Amino acid sequence: MIAMSGLRVVMLAVLAGSALPAPAIAALPEPVRAMVDAAIATGDEGKVRTVVEIARTTYPGDAAELDGILKSFETRLAAAKAEEAAKKEAALRSAGMFRNWDGRGEFGGFRATGNSANTGITASVSAERKGVDWRHKLYARADYQRASGVTTREQYLGRYEPNFNVSPDFYVYALAQFERDRFQGFDARYAASGGIGYQALKTKDIQLSVKAGPAYRVTEFTDGRSENRIAGLIGLDFAWSITDRLKLTQATNAVAETGGSAIAIVDSRNTSIDLLTGLNAKISDKLSARFSYSWEYDSNPPAGAVGTDTLTRMTLTYDF
């Protein structure tokens, strides 16, 4: 009887124990949760990932909860980015033609070789408007030198180029260009072109695009002659941010960028090539120092003119 009673007690104890709740799993420690919440409050995705990874390594038993917190943050962040992108696109689409332009003015001196060998002043202005599908680029430049009442350098260039994106990498372009350079033998040279362009590289630091298409060119020479010709255009635009911070002097930090452009217009009688390479050093948010070198070539210059001109420019630029 005593043995049976003992067995009954043991069985009752076992049954009672099986009915007890399982021990609770420890929640994420409050200091760790506070640290994760503080990282989330910054909105910095990289910082949140770093903090969560450290917490996961330190408290592997709480990995599931930490993963849930990170996934929830990423979902909210993606939704916020999508909403911001949608608002930005809507603002760009509704903006008027004269809004959202970024411009740059440039002024300084030049040294020329070729049809004239002298120094003088140079000034240019450029503007660009980027929309969702369209991009507009304007550029105008003047180089001028006069000494002892005689003009020895007078060159003007104006260009307008609208682009339309047909895909993330391809676009179609139109180009209208005007040039005047009496020392190269023409009072006016007009060119119009249209074709397709390709964005070959597009990263944070390097951008490279190429374009090509047919062109039509009208040249009015200083001797009164005029020529109209069908031609072909090949163009290249390149930009490279060398470094984020470049120390030019002990007291000046600057951002340096280098870039180049090239336009070649080819016809059966005269091929012209315009190459421009420059280096910008940002002195402040708006002001930069710029060094540039341009090489201009005409395969069939008028009588008395040479085919190659070079200009070295030292200028200050102001962004507006």
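The values are calculated or read from the model by the stated rules, or taken from the named source; none is laboratory data. Just so it is clear, the structure is predicted and the values come from calculations on it, not from any experiment. Ideal geometry is used to build each Cβ from the backbone, glycine not excepted, and the neighbour counts take in all protein chains shown.
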Notebook entry, point to check: How many of the residues making up the range 289-307 are among the polar types (S, T, N, Q) and either in contact with a His (Cβ under 7 Å, 6 or more places away or on another chain) or surrounded by 14 or more Cβ atoms within 10 Å (Cβ to Cβ) (or both)?
Noted result: 2
Next item on the list: Look at residue 315 and say whether it is more than 13 Å from residue 106 (Cα to Cα) and among the polar types (S, T, N, Q).
Entry: no
Notebook entry, point to check: Here are 170, 178, 107: which of them is in contact (Cβ under 8 Å) with a residue 40 or more places away in the chain and not small (Gly, Ala, Ser)?
Noted result: 107
Note to self: Which pairs turn up if I take residues in the range 184-197 that are in the same structural domain as residue 163 (by TED's automatic domain parsing) and look for partners that are outside any strand (DSSP E or B) and of a type in the set (A, V, I, L, M, F, W, C) with beta carbon separation below 7 Å, at least 6 apart in sequence or on another chain?
What the structure shows: 184/305; 185/305
Notebook entry, point to check: When you look at residue 84, is it within 30 Å of residue 135 (Cβ to Cβ), surrounded by 12 or more Cβ atoms within 10 Å (Cβ to Cβ) and modelled with pLDDT under 85, yes or no?
Noted result: no
Next item on the list: Among the residues of the range 136-155, count how many are surrounded by 16 or more Cβ atoms within 10 Å (Cβ to Cβ) and modelled with pLDDT under 90.
Entry: 6
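Only residues that are assigned to a strand (DSSP E or B) and either more than 21 Å from residue 161 (Cα to Cα) or charged (D, E, K, R) (or both): list them for the range 213-227, please.
Of the residues in the range 213-227, the ones assigned to a strand (DSSP E or B) are 213-221, 226-227.
If the condition is that a residue be assigned to a strand (DSSP E or B) and either more than 21 Å from residue 161 (Cα to Cα) or charged (D, E, K, R) (or both), then 217, 220, 221, 226, 227 are the ones that fit.
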Notebook entry, point to check: Condition test on residue 234, is it under 23 Å from residue 177 (Cα atoms), at pLDDT 85 or above and either touching a Lys or Arg at 6+ places or on another chain (Cβ under 9 Å) or not β-branched (Val, Ile, Thr) (or both)?
Noted result: yes
Notebook entry, point to check: Would you pick out the residues in the range 122-150 that are touching a residue at least 24 places away in the same chain (Cβ under 8 Å) and within 30 Å of residue 90 (Cα to Cα)?
Noted result: 127, 128, 129, 130, 131, 132, 133, 134, 135, 136, 137
Next item on the list: Answer yes or no as to whether residue 242 is surrounded by 16 or more Cβ atoms within 10 Å (Cβ to Cβ), at pLDDT below 90 and in the same structural domain as residue 307 (by TED's automatic domain parsing).
Entry: no
